[in-house]
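Chemist: Provided herewith is a single structure, encoded as structure tokens, for subsequent inquiry.
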Amino acid sequence: MIVVMKPGATGAEIQHMVERVEGLGLRAHVIVGAERTVIAAIGSKRPEFKESLESGPGVAQVVPILAPYKVASSEVKAERTVVRAGSLSVGGKSIGVIAGPCSVENEEQILATAHAVKQAGATALRGGAYKPRTSPYSFQGLKEQGLELLKRAREATGLAVVTEVVASEDVDLVAKYADVLQIGARNMQNYRLLEAAGKSGVAVLLKRGPSATIEELLLAAEYILDAGNPNVMLCERGIRTFEAHTRFTLPLATVPYLHSKTHLPVVVDPSHGTGHTYLVADMTLASVAAGADGLILEVHPDPEKAMSDGYQTLNCQQFADIMARSRRVAAAVDREIAG
Ligand code: PEP
Ligand code: MN
């Protein structure tokens, strides 16, 4: 249920209603909008709850939330959420661009990439220190040493750091270094990890599982939101289909569809979504045209030598060219890209 407060409801009235909701054994999420505040009351409810809450001070009405995902639903909040994490802002007019290597490999690599992507207009640096690899024999990442290198890159450039966390027991450590915790496609339905990321208070980039439906993605986001963390970005990174010409199939209708269902910002990953460097530019432009609030792109000073995902990675010049072209598409759809 949503307890919709009257436009002029006071702080005391809102607090009183939060206590009433909690008194009924429900969890209360206060969502402050530009015009009015609503309280999402989450948990199993009884028909008499609606009547009881509707009589509360400052309450305009109590309405059911029809979507299975509650706090993520645009029924609860019409205005788009803007997620801010250091230099990164995703969800406003300006499109946030997260760029960097698939994996952090060494100091020289991460610093060179960070400077180059910043120069081209990226607003955050990506780089995996903990890598979820299909084979246990593939490079698994530099782990804490990689996090230290990311910290150095942030100090050198001021770029926010986006890095993956693969296990709930690592959340506290990764959260000490990261501005944004990336939850990877393979972990989208790792519910303990989602809860731990929710409790961390650090912004989260939640990637869609390759065989997850959009409703499952939104319900995964709901775990993070329900744990008390409102700063969630959703990421379309391609799904598995019968098609073999690309590594995954990148469905861009996800962007406007999600915008119709949720207030959370939507990021697109054309690197994993295509799996081929030569396809990344056009799909980046298409993502901007489709309304993406953010982009995440793999960039490496020498992709041929990359320790993971080199075949879908841009070099620094290719990234700069894509940024220049993306700015023109962004302007055509009334958006902008920093830099
Ligand atoms: C990555 O961003 O390098 C990554 C492993 O992504 P995904 O979880 O989307 O496969
Ligand atoms: Mn990768």
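Values in this text are rule-based calculations from the coordinates and carry no lab data. Bear in mind that the values here come from a model prediction, so they are computed numbers and not experimental data. Cβ atoms come from the backbone with ideal geometry, glycine included; neighbour counts cover every protein chain shown.
Chemist: Quick check: pseudo-label points 7 Å beyond the Cα along Cα→Cβ at E243 and E107, how many nm apart are they?
Modeler: Modelled inter-label distance: 4.4 nm.
Chemist: Please give the length that would be gained between T213 and A324 if that part of the chain were fully extended, namely 0.36 nm times their separation in residues minus their C-alpha to C-alpha distance (nm, one decimal).
Modeler: Here the segment from T213 to A324 would lengthen by 36.7 nm.
Chemist: Could you order the peptides 108-116, 294-302 from most to least packed, using the average number of other C-beta atoms within 10 Å per residue?
Modeler: The densest-packed peptide leads the list: 294-302, 108-116.
Chemist: Starting at the first residue of the stretch 234-248, write each ³J(HN,Hα) from the Karplus equation 6.51 cos²θ - 1.76 cosθ + 1.60 with θ = phi - 60°, in whole Hz, x for Gly and Pro.
Modeler: 9, 10, 7, 10, x, 10, 8, 9, 6, 6, 10, 6, 10, 5, 9
Chemist: Still on this model: Using the Cα atoms as the points, what is the convex hull volume per residue of the chain in Å³?
Modeler: In the chain, the Cα convex hull volume per residue is 134 Å³.
Chemist: Another question, then. What distance in nm separates the simple spin-label points at K93 and A227, each placed 7 Å from Cα in the Cβ direction?
Modeler: Result for the modelled spin labels: 3.5 nm.
Chemist: Tell me the relative contact order for the chain as a rounded percent, counting alpha carbon contacts under 8 Å between residues six or more apart.
Modeler: The normalised contact order for the chain reaches 17 percent.
Chemist: Right, something else. Within the chain, what's the longest stretch lacking chymotrypsin sites (Phe, Trp or Tyr not before Pro) that sit in DSSP loops with no more than 13 other Cβ atoms inside 10 Å?
Modeler: By the stated rule (loop sites, at most 13 other Cβ atoms within 10 Å), 1-136.
Chemist: For the stretch 2-63, take N as its residue count and report Rg(C-alpha) divided by 2.2 N^0.38 Å.
Modeler: So the stretch 2-63 has a normalised radius of gyration of 0.98.
Chemist: To check you understand DSSP bridge types, tell me what percent of the beta bridges within the chain (both residues inside) are antiparallel, rounded to 5.
Modeler: Around 40 percent antiparallel, to the nearest 5.
Chemist: So, one more: Among K6/K207; K118/K305; K93/K151, which pairs are too far apart, with a Cα-Cα distance over 25 Å?
Modeler: Among K6/K207; K118/K305; K93/K151, the Cα-Cα distance tops 25 Å for K6/K207; K93/K151.
Chemist: Each label point is 7 Å from the Cα along the Cα-to-Cβ direction; what then is the distance between the points at L173 and Q61, in nm?
Modeler: Result: 5.2 nm between the two label points.
Chemist: Computed FRET efficiency, Cβ-Cβ of K199 and R152, R0 35 Å: what is it to the nearest 0.05?
Modeler: My answer for the efficiency is 0.80.
Chemist: DSSP beta bridges in the stretch 195-332, what fraction antiparallel, as a percent rounded to 5? Could you put the intermediate results ahead of the total?
Modeler: On the way: 1 of 11 bridges.
Restricted to the stretch 195-332, the bridges split so that about 10 percent are antiparallel.
Chemist: Among the listed pairs K70/K176; K50/K70; K70/K261, give every one whose C-alpha distance is greater than 20 Å.
Modeler: From the list (K70/K176; K50/K70; K70/K261), the Cα-Cα distance tops 20 Å for K70/K176.
Chemist: Computed over the Cα atoms of the stretch 92-198, what is the convex hull's projected area averaged over all directions, in nm²?
Modeler: Values: hull surface 28.6 nm².
One quarter of the hull surface, i.e. the mean projection, equals 7.2 nm².
Chemist: Right, here's the next one. Could you pull out every one of the aspartates and glutamates with an alpha carbon less than 17 Å from that of K199, ignoring same-chain neighbours closer than 8 positions?
Modeler: Straight-distance partners of K199: E164, E169, D170, D172, D179, E222, D226.
Chemist: Under the 0.36 nm per residue contour assumption, what length would be gained going from the current alpha-carbon distance of K50 and E336 to full extension?
Modeler: Between K50 and E336, full extension yields 98.6 nm more.
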